[in-house]
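K.L.:
Encoded as structure tokens, here's the structure I'll be asking about.
The values are calculated or read from the model by the stated rules, or taken from the named source; none is laboratory data. Quick caveat: nothing in here was measured; it's all calculated off a predicted structure. Quick reminder, even Gly has a Cβ in these numbers, built from the backbone with ideal geometry, and neighbours come from all protein chains shown.
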Amino acid sequence: MNDAQHGKAPAPAVSERVCPPWLCFTFDNIFRRMVQNPDRILKPYIKPGWIVLDVGPGMGYFTIPMARMVGENGKVIAADLQQQMLDGLDHKAFKYGVQERIKLHLTKADSIGISETIDFCLAFWMVHEVPDRAHFLNEICSKLKTEGLMLIAEPRIHVSKNEFDKTLEDAKKAGFSIADMPKIFLSYTALLKK
């Protein structure tokens, strides 16, 4: 018997939760760079030689700049649920000459599944798409080095302040503390520290 036969609403399909690939092409443009500039947003938190994780990178709007920031001795793990996103990101990374610094990783719906220990994690406008937020934050925290950082930004157009506060409570339960709440256009944000 399925959930509907048991009187429960079926869980949303992954495709209903996540941003479709066709929409991601609209995210990388000059107007967005004026209000959500990746260098301005991320440079204070990423150092050369670091291993960083970009969860739900789409076509690489933040991934490519992060690959430049970590330099030749660093690495960016781009972890996405959709192979089509990773394929687009791979093409873009090659175009910008940073392909060797980016490791593409196809996740599962219930786990990121990386083996590396990381210095920094970016979860930009994607935590609201995760079916089990507490599990997600626990998994990230377990992969961060001591004093590691995670920047979460959630879109005000999809996420209420109350829902974002619940995310922060889940983050604290996972072992994070709130280090800062930087301002990012149209976003609720928190810089978390392990």
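K.L.:
Which ones in region 150-164 are farther than 18 Å from Arg40 by Cβ and either buried (at least 17 other Cβ atoms within 10 Å of the Cβ) or among the polar types (S, T, N, Q) (or both)?
P.N.:
Met150, Glu154, Val159, Ser160, Asn162, Phe164
Okay, residues lined up against (1) at pLDDT below 95; (2) hydroxyl-bearing (Ser, Thr, Tyr); (3) touching a helix residue (DSSP H, G or I) at 6+ places or on another chain (Cβ under 6 Å):
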| site | (1), (2), (3) |
| --- | --- |
| Phe124 | no, no, no |
| His135 | no, no, no |
| Asn138 | no, no, yes |
| Cys141 | no, no, yes |
| Pro155 | no, no, no |
| Ala171 | no, no, yes |
| Tyr188 | no, yes, yes |
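K.L.:
Could you identify the single residue in Met34, Met59 that is at pLDDT below 95, within 14 Å of the chain's Cα centre (by Cα) and not small (Gly, Ala, Ser)?
P.N.:
Met59
K.L.:
I would also like to ask the following. Pick from Leu144, Leu151: which is in contact with a Pro (Cβ under 9 Å, 6 or more places away or on another chain) and hydrophobic (A, V, I, L, M, F, W, C)? It would help to see each step written out before you state the result.
P.N.:
Details: Leu144 fails: in contact with a Pro (Cβ under 9 Å, 6 or more places away or on another chain).
None of the others qualify; the one that does is Leu151.
K.L.:
Here's a check for you: in region 69-97, which residue that is within 23 Å of Lys108 (Cβ to Cβ) and small (Gly, Ala, Ser) is surrounded by the most Cβ atoms within 10 Å (Cβ to Cβ)?
P.N.:
From region 69-97, those within 23 Å of Lys108 (Cβ to Cβ) are 75-90, 93; that's our starting set.
Then keep just the ones that are small (Gly, Ala, Ser); that gives 78-79, 88, 93.
On the way: Ala78: 28, Ala79: 20, Gly88: 19, Ala93: 21.
It comes out as Ala78.
K.L.:
For region 177-194, indicate whether the set of residues that are among the acidic types (Asp, Glu) and closer than 25 Å to Met59 by Cα is non-empty.
P.N.:
Step one: of region 177-194, the residues among the acidic types (Asp, Glu) are 180.
Within this subset, residues satisfying the condition of being closer than 25 Å to Met59 by Cα are none.
Scanning region 177-194 turns up no residue that is among the acidic types (Asp, Glu) and closer than 25 Å to Met59 by Cα.
K.L.:
A follow-up question, please. Determine whether region 105-125 contains at least one residue that is in contact with a Ser or Thr (Cβ under 9 Å, 6 or more places away or on another chain), over 30 Å from Lys183 (Cβ atoms) and surrounded by fewer than 19 Cβ atoms within 10 Å (Cβ to Cβ). I'd like the intermediate steps shown before the answer.
P.N.:
Taking region 105-125 as the starting set, the residues that turn out to be in contact with a Ser or Thr (Cβ under 9 Å, 6 or more places away or on another chain) are 113-114, 122, 124-125.
Cutting the leftovers down to over 30 Å from Lys183 (Cβ atoms) gives us 113.
Next, from what is left, pick out any that are surrounded by fewer than 19 Cβ atoms within 10 Å (Cβ to Cβ): 113.
Yes, the conditions are met somewhere in region 105-125.
K.L.:
Restricting attention to region 165-194, which residues are small (Gly, Ala, Ser) and surrounded by 18 or more Cβ atoms within 10 Å (Cβ to Cβ)?
P.N.:
Within region 165-194, the subset small (Gly, Ala, Ser) is 171, 174-175, 177, 179, 187, 190.
Correct list: Ala171, Ala174, Ser187, Ala190.
K.L.:
Among the strands (runs of 3 or more DSSP E) contained in region 82-194, which hold 1 or more residues that are without any contact (Cβ under 8 Å) to a residue 40 or more places away in the chain? Steps first, answer last, please.
P.N.:
Numbers: elements: 102-106, 118-124, 144-155, 177-180, 187-193.
Filter on region 82-194 gives 102-106, 144-155, 177-180, 187-193.
Residues checked against (1) at pLDDT below 95; (2) within 15 Å of the chain's Cα centre (by Cα); (3) on the phi > 0 side of the Ramachandran plot; (4) of a type in the set (D, E, K, R):
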position: Asp39; (1), (2), (3), (4): no, no, no, yes
position: Leu42; (1), (2), (3), (4): no, yes, no, no
position: Tyr45; (1), (2), (3), (4): no, yes, no, no
position: Ile51; (1), (2), (3), (4): no, yes, no, no
position: Gly74; (1), (2), (3), (4): no, no, no, no
position: Met85; (1), (2), (3), (4): yes, yes, no, no
